[in-house]
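J.: A single structure is presented below for examination.
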Amino acid sequence: MTKIIQSIGLVLFVLGLGFFISLPFLDSFKLTDEVLKSTLGNEQHYELLSEATKPMLDKTYTSSFSFSSDFITSFNHVNDALKAEEKWDQVIWDNPNDLTMRLAIASNQSFAKENKFLTFLLTFVVAIIGSLMYILPKVNDGPAGIRNNHIFHRALSNRGWLGIVLGTFLISFYILLYFTPQHITSWIFITDPISQALSGNTASQWFLYGLLYTIAVAVMGIRMIMKYRHSKYQIIRTLSVIFFQTAFAFILPEILVRLNQPYYDFKNMWPLDYDFFDAWHVDTLTSSGGIGIFMFAWGITLFVVGVPVFVYLFGKRWYCSWVCGCGGLAETLGDPYRQLSSKKLSSWKIERYLIHGVLVFSVIMTGGVLYTYFTGAGQVFGLETSNVRSTYGLMIGSIFSGVIGTGFYPLMGNRVWCRFGCPLAAYLGIVQRFKSRFRITTNGGQCISCGNCSTYCEMGIDVRWYAQRGQNIVRSSCVGCGVCSAVCPRGVLNLENSSEEGRLNEPLLIGNDSITLQK
Amino acid sequence: MKNVIIIGNGISGITAARHIRKLSDHNITVISSETDHFFSRTALMYIYMGHMKYENTKPYEDWFWEKNRIDLVRAYVNSVNSTQKTLQLSTGKELKYDVLILATGSKSNKFGWPGQDLKGVQGLYNFQDLESMEKYSPDTRHAVIVGGGLIGIEMAEMLLTRKIPVTFLVRESNFWNNVLPEQESKLISQHIREHHVDLRLSTEMREILSDSEGRARAVVTGDGEEIACQFVGLTAGVSPNIDFLNDSGIETKRGIMVDEYLATNVPDVYAIGDCAQFITPLPNRRPIEQVWYTGRMQGEVVANTVCGNKTIYKPGIWFNSAKFFDIEYQTYGHVWNQLKENEAEFYWEHPSGKKCMHFVFDSRDNTFLGINNFGIRLRHEVFDRWLKDKRDIYHVLENLREANFDPEFFDKHEEEIIRAFNQQHKGQSITLQKQKSLFAKIFS
């Protein structure tokens, strides 16, 4: 019975996902004069573009690529001419890909466009139901306990063909989402009904992303809870990341928008939230009355006071594996890949250079942005602050955290971004390393060097190296997920907050009086 | 500077090598016929089950050995000439040593059962056993395991992950009851059955039957029942792996005879770990200690002696651990399978049947002697201290919270345990030390 339900679930998931993936291939577009006018919403732009796009009008495109290519050619044609004539005030400065996306949504003629909610049901909802039918019956698999059986035998979790396929899919998804959203318009507008119910607005690519992200955290969070149902620490922690993603990152900001307040995620924090100090953001918050001022003050308090105090008391886990959205995705969607992180000493070296490098970069970038904000000067030490800011956004914000950070889950483990790139993790880690009550305690001499702890450490910490010499694990990168403790077959590891005394202990394996008594 | 040769790259030999390097500049060579590098033998089961790859079981990266100038030789030692101080290797090479450390471990026991050398019949001790198990698993539809110890239950767990049904023949009336008291033994037996293992207690194996190709096809039990199977796990203990020492002049009985310095009868030859047998066993300890932890301790001790700091092997308070399917086991001090004279006990079991604690104390002065605990993690350091300080059972129970090592948010049972103790011991009313307040927990 269990098997049948699971098989049906798997079929439904594949059907839902398959239909979802096929949507962009079923698109057709027809641009009309009316659509062009209403979508551009700018009389001047319309006049400029309507001439150039005339050949496109009323023509049926069956691919977003030809549609996009034709429009962007026309767009560039218009802009190039204006630039050649140095009519800078007339040049259309909009991002051509975003503009194309909006036009593609408006001129989409597909079945999905006419039946948004039905398509949403047949893709999202069918895939969610299928996943749950696959996950929930695992409760009948037998007694609760650590079941990492066949993880290294499976193509999905051991960098086999399925892992490579999934990695390719995720990487492609992020590239499409960040750089060319005009190709995934049907994915975007089928979430309109949900977006409209929450904020009253139609969906953007960011709404689609937020919704997918939240669903992934919730569904795979349920899987995490099923897998670790014998561990209350894992259950409560997973409920926490599901809650913060759903309520704080997804629903609350949309409701704020509906109430005409600034879009704000109360749990996000500079420097992970790298546009917090952007002029537009600061202006938005400070011009939105009391609540905006509160948001601005809250955001600063979080990293100035919240980080040191909470990391001192609980370690960086209070954020990284209990609250953070990136951490939330890594702990749920990414859990099946935690064993793929490299434990080599050489990886640790690279990690330290990279993550602290990004932290320095983010501080310089933000410093420049604020300098420009307060002084109005665009340059510091010959550097164009806006260039530094846009380079950071592209290289770190989009490529590192998104394309690599999540796209490489099935190839390099689920914490690539958190381990090698996140500037906030670097900052939390410095506090954790030098001033915190948190450590992973090793239990006397009980370690048998089996290696489960190191294997399943998503941050690539060689936990065994400490455990087998009887030394507490105090590492800046530890996010406190607790899985090393869960998979330990001998009860050797425990996450603890306790007095700082003895935290950084000398290695000591209890049990051998021959040596210790002589000293 | 001496030439130190260590035979065996298990935990004992490798610990010795590492500590000799820490303490001296001697030339160190480690010889193994099993694998190129040290791996954790205790993790063999996890490789089979797909929890880890062989790579993951190596506690040190491969560059570690060269960096620490520990030479690794992959060969089998055919014989030892202790007068010439030479070793003859299977590769034809001869090596000369100044100091020889024997850390050759064990081999699986075979008690002369008919059919014990058939294909598909094996123990589980070394890497080659794992490879053999991999080889025979695909066409095994049913497996029989003989011998009720730690390796037997690991093998059962392994085979079940490949969906191979297991019949488990245990000679004793309850699982591992030559070590565990009846209560724990029953608890584990029940858990084994919960995992759908066909556990046959008080059942011996008479013989293994062969098919036409020399592969096991069935097992015949003591009472004549024939159980069809294609794989037979022999897990009735292990014994020292010392056959190659026959003409070496090194004294052996079941194991290599050593004194309290782990020295053999031949100067500059030592034996540690599973293969060593103490001429005078330590009080309450076996003459041959086949335990990971003691092997590690002996490695460190012998390293000190070899480096000029003559050190007696003096293990502290006994401890051990294991995991039976999902139930973790830890023990501190001594809990024998039967109470000894002047011993009293207190046993508590959780209604789930998956957690228990078994305390043993002196019936005359209530000195705490040892604990077995299942399904709950306890702090080694705290029990080590209590046992060394000869605390009484009341102190242990009253302060039990201090010893809890379970992860945060796990159910705590100290209060139930105290209540059970007070109920079982009329006239006693011990009280648990107060729990720290949340505030105190966060800020102390």
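The values are calculated or read from the model by the stated rules, or taken from the named source; none is laboratory data. Remember, it's a predicted structure, so these values are computed and weren't measured experimentally. Note: ideal-geometry Cβ built from the backbone for every residue, glycine included; neighbour counts use all protein chains shown. Areas reflect the complete protein model, heavy atoms only, side chains present, ligands, DNA and RNA absent. Shrake-Rupley method; radii C 1.70, N 1.55, O 1.52, S 1.80 Å.
J.: Might you let me know whether the stretch A:411-425 holds any residue that is open to solvent by 10 Å² or more (accessible area, probe 1.4 Å), over 17 Å from residue A:335 (Cβ atoms) and at the interface with chain B (Cβ under 7 Å from one of its Cβ atoms)?
T.: No, the conditions are met nowhere in the stretch A:411-425.
J.: Let me ask something else. If I go through the stretch B:253-278 residue by residue, how many of them are more than 13 Å from residue B:313 (Cα to Cα) and surrounded by fewer than 16 Cβ atoms within 10 Å (Cβ to Cβ)?
T.: Filtering the stretch B:253-278 down to residues more than 13 Å from residue B:313 (Cα to Cα) leaves B:253-257, B:264-269, B:274-275.
Applying the additional criterion that residues be surrounded by fewer than 16 Cβ atoms within 10 Å (Cβ to Cβ) yields B:253-254, B:265, B:267.
Residues meeting the conditions: 4.
J.: Take residue A:87 and decide whether it is among the basic types (Lys, Arg), in the same structural domain as residue A:50 (by TED's automatic domain parsing) and farther than 19 Å from residue A:73 by Cβ.
T.: Details: among the basic types (Lys, Arg): yes; in the same structural domain as residue A:50 (by TED's automatic domain parsing): yes; farther than 19 Å from residue A:73 by Cβ: yes.
So residue A:87 passes the test.
J.: Which of the numbered conditions does residue A:140 fail, given that it passes all the others? Conditions: (1) open to solvent by less than 40 Å² (accessible area, probe 1.4 Å); (2) closer than 28 Å to residue B:43 by Cα; (3) out of contact with any Lys or Arg (no Cβ under 9 Å at 6 or more places or on another chain).
T.: That leaves (1) as the condition not met.
J.: Output the number of residues of the stretch B:138-158 satisfying the condition of being more than 20 Å from residue B:286 (Cβ to Cβ) and away from chain A (no Cβ under 12 Å).
T.: Going residue by residue through the stretch B:138-158, those that are more than 20 Å from residue B:286 (Cβ to Cβ) are B:138-146, B:153-158.
Those left that are additionally away from chain A (no Cβ under 12 Å): B:138-146, B:153, B:155-156.
Summing the residues that are more than 20 Å from residue B:286 (Cβ to Cβ) and away from chain A (no Cβ under 12 Å) in the stretch B:138-158 gives 12.
J.: Now for a separate question. With the condition being farther than 25 Å from residue A:71 by Cα, I'd like the helices (runs of 4 or more DSSP H) fully within the stretch A:1-52 carrying at least 3 qualifying residues. Let's see the steps before the verdict.
T.: On the way: elements: A:2-22, A:33-40, A:43-52.
The helices (runs of 4 or more DSSP H) meeting that bar are A:2-22.
J.: State all residues of the stretch A:341-389 that are closer than 30 Å to residue A:152 by Cβ and out of contact with any helix residue (DSSP H, G or I) (no Cβ under 8 Å at 6 or more places or on another chain); if no residue qualifies, say none.
T.: Residues of the stretch A:341-389 that are closer than 30 Å to residue A:152 by Cβ, as a first pass: A:341-355.
The answer is A:344, A:345, A:346, A:347, A:348, A:349, A:352, A:353.
J.: Another question, if that's okay. Can residue B:320 be described as assigned to a strand (DSSP E or B) and either more than 10 Å from chain A (Cβ to nearest Cβ) or surrounded by fewer than 20 Cβ atoms within 10 Å (Cβ to Cβ) (or both)?
T.: Working: assigned to a strand (DSSP E or B): yes; either more than 10 Å from chain A (Cβ to nearest Cβ) or surrounded by fewer than 20 Cβ atoms within 10 Å (Cβ to Cβ) (or both): yes.
Considered against the rule, which asks whether it is assigned to a strand (DSSP E or B) and either more than 10 Å from chain A (Cβ to nearest Cβ) or surrounded by fewer than 20 Cβ atoms within 10 Å (Cβ to Cβ) (or both), residue B:320 comes out as yes.
J.: Right, something else. Given the conditions (1) more than 10 Å from every other protein chain (Cβ to nearest Cβ); (2) of a type outside the set (A, V, I, L, M, F, W, C); (3) over 27 Å from residue A:420 (Cα atoms), which single one is not true for residue A:489?
T.: (1)
J.: Return the residues of the stretch B:396-442 that are in contact with a Ser or Thr (Cβ under 6 Å, 6 or more places away or on another chain) and either part of a helix (DSSP H, G or I) or open to solvent by 80 Å² or more (accessible area, probe 1.4 Å) (or both); say none if nothing qualifies. Quick ask: steps written out before the conclusion?
T.: Applying the first criterion (in contact with a Ser or Thr (Cβ under 6 Å, 6 or more places away or on another chain)) to the stretch B:396-442 yields B:407, B:422.
The one that is in contact with a Ser or Thr (Cβ under 6 Å, 6 or more places away or on another chain) and either part of a helix (DSSP H, G or I) or open to solvent by 80 Å² or more (accessible area, probe 1.4 Å) (or both): B:422.
J.: Pick out the one residue from B:289, B:300 that is of a type outside the set (A, V, I, L, M), within 13 Å of another protein chain (Cβ to nearest Cβ) and without any contact (Cβ under 8 Å) to a residue 60 or more places away in the chain.
T.: Within the list B:289, B:300, the selection yields B:289.
J.: Filtering the stretch B:365-387 down to residues that are within 9 Å of chain A (Cβ to nearest Cβ) and either modelled with pLDDT under 95 or part of a loop (DSSP other than H, G, I, E, B) (or both), which residue is surrounded by the fewest Cβ atoms within 10 Å (Cβ to Cβ)?
T.: My answer is B:379.
J.: Please specify each residue of the stretch B:76-123 satisfying the condition of being open to solvent by 30 Å² or more (accessible area, probe 1.4 Å) and touching a helix residue (DSSP H, G or I) at 6+ places or on another chain (Cβ under 7 Å).
T.: The answer is B:78, B:79.
J.: If you go through the stretch A:80-115, how many residues are of a type outside the set (D, E, K, R), assigned to a loop (DSSP other than H, G, I, E, B), open to solvent by 40 Å² or more (accessible area, probe 1.4 Å) and modelled with pLDDT under 95?
T.: Just the residues of the stretch A:80-115 that are of a type outside the set (D, E, K, R), to begin with: A:81-82, A:84, A:88, A:90-93, A:95-97, A:99-101, A:103-112, A:115.
Of the ones still in play, those that are also assigned to a loop (DSSP other than H, G, I, E, B) are A:88, A:90-93, A:95, A:109-110, A:115.
Going one step further and asking which of them are open to solvent by 40 Å² or more (accessible area, probe 1.4 Å), we end up with A:88, A:90, A:93, A:95, A:109, A:115.
From what's left, modelled with pLDDT under 95: A:88, A:90, A:93, A:95, A:109.
The number of residues fulfilling the criteria is 5.
J.: What about residue B:12, is it free of Cβ contacts under 8 Å to residues at least 60 places away in the same chain and touching a Ser or Thr at 6+ places or on another chain (Cβ under 9 Å)?
T.: It is false that residue B:12 is free of Cβ contacts under 8 Å to residues at least 60 places away in the same chain and touching a Ser or Thr at 6+ places or on another chain (Cβ under 9 Å).
J.: Let me ask you something else. So in the stretch A:127-157, with the set limited to residues that are touching a residue at least 24 places away in the same chain (Cβ under 8 Å) and not in a helix (DSSP H, G or I), which one is farthest from the other protein chains (Cβ to nearest Cβ)?
T.: My answer is A:156.
J.: Tell me, please, whether a residue that is more than 25 Å from residue B:110 (Cβ to Cβ), among the hydrophobic types (A, V, I, L, M, F, W, C) and surrounded by 15 or more Cβ atoms within 10 Å (Cβ to Cβ) can be found in the stretch B:168-185.
T.: no
J.: Among the residues of the stretch B:46-75, write down those that are closer than 28 Å to residue A:147 by Cβ, open to solvent by less than 60 Å² (accessible area, probe 1.4 Å) and either in a loop (DSSP other than H, G, I, E, B) or facing chain A (nearest Cβ under 9 Å) (or both). Show your work before the answer.
T.: Taking the stretch B:46-75 first, the residues closer than 28 Å to residue A:147 by Cβ are B:46-59.
Retained after the next criterion (residues that are open to solvent by less than 60 Å² (accessible area, probe 1.4 Å)): B:46-52, B:54, B:56-59.
Answer for the stretch B:46-75, where residues must be closer than 28 Å to residue A:147 by Cβ, open to solvent by less than 60 Å² (accessible area, probe 1.4 Å) and either in a loop (DSSP other than H, G, I, E, B) or facing chain A (nearest Cβ under 9 Å) (or both): B:46, B:47, B:49, B:50, B:51, B:52, B:56, B:57, B:58, B:59.
J.: Check A:315, A:289 and return the single one that is on the phi > 0 side of the Ramachandran plot, assigned by TED's automatic domain parsing to the domain that holds residue A:215 and touching a strand residue (DSSP E or B) at 6+ places or on another chain (Cβ under 8 Å). Step through it out loud before you land on a result.
T.: Working: A:289 fails: touching a strand residue (DSSP E or B) at 6+ places or on another chain (Cβ under 8 Å).
Just one listed residue meets the conditions, A:315.
J.: To continue, here is another question. Would it be correct to say that residue B:127 is of a type outside the set (S, T, N, Q), open to solvent by less than 10 Å² (accessible area, probe 1.4 Å) and not assigned by TED's automatic domain parsing to the domain that holds residue B:11?
T.: No: the conditions fail for residue B:127.
J.: Being in contact (Cβ under 8 Å) with a residue 40 or more places away in the chain and not in a helix (DSSP H, G or I) narrows it down to one of A:496, A:506, so name that one.
T.: On the way: A:506 fails: in contact (Cβ under 8 Å) with a residue 40 or more places away in the chain.
Checking each option against the conditions leaves just A:496.
J.: Can you tell me which residue in the stretch A:307-354 is nearest to residue A:271 (Cα to Cα), limited to those that are open to solvent by less than 20 Å² (accessible area, probe 1.4 Å) and in a loop (DSSP other than H, G, I, E, B)?
T.: Looking at residues that are open to solvent by less than 20 Å² (accessible area, probe 1.4 Å) and in a loop (DSSP other than H, G, I, E, B), I get A:324.
J.: Looking at the stretch B:326-340, which of the residues that are open to solvent by 10 Å² or more (accessible area, probe 1.4 Å) and at the interface with another protein chain (Cβ under 7 Å from one of its Cβ atoms) is farthest from the chain's Cα centre (by Cα)?
T.: B:326
J.: With the requirement that a residue be of a type in the set (A, V, I, L, M) and modelled with pLDDT of 95 or more, what does the stretch A:138-176 give you?
T.: Of the residues in the stretch A:138-176, the ones of a type in the set (A, V, I, L, M) are A:139, A:144, A:146, A:151, A:155-156, A:162, A:164-166, A:170-171, A:175-176.
Hits for the stretch A:138-176 are A:146, A:151, A:155, A:156, A:162, A:164, A:165, A:166, A:170, A:171, A:175, A:176.
J.: Return a yes/no flag: does the stretch A:445-461 have any residue that is in contact with a Leu (Cβ under 7 Å, 6 or more places away or on another chain) and either in a loop (DSSP other than H, G, I, E, B) or under 30 Å from residue B:439 (Cα atoms) (or both).
T.: Yes, the stretch A:445-461 contains at least one residue that is in contact with a Leu (Cβ under 7 Å, 6 or more places away or on another chain) and either in a loop (DSSP other than H, G, I, E, B) or under 30 Å from residue B:439 (Cα atoms) (or both).
J.: Identify, from the list A:391, A:366, A:372, the residue that is in a helix (DSSP H, G or I) and under 21 Å from residue A:406 (Cα atoms). Step through it out loud before you land on a result.
T.: Numbers: A:366 fails: under 21 Å from residue A:406 (Cα atoms); A:372 fails: under 21 Å from residue A:406 (Cα atoms).
Result: A:391 is the single residue among A:391, A:366, A:372 that is in a helix (DSSP H, G or I) and under 21 Å from residue A:406 (Cα atoms).
J.: Moving on to the next point. Where in the stretch B:194-250 are there strands (runs of 3 or more DSSP E), lying wholly inside it, with at least 3 residues that are under 23 Å from the mean Cα position of the chain (by Cα)?
T.: B:231-234, B:238-240
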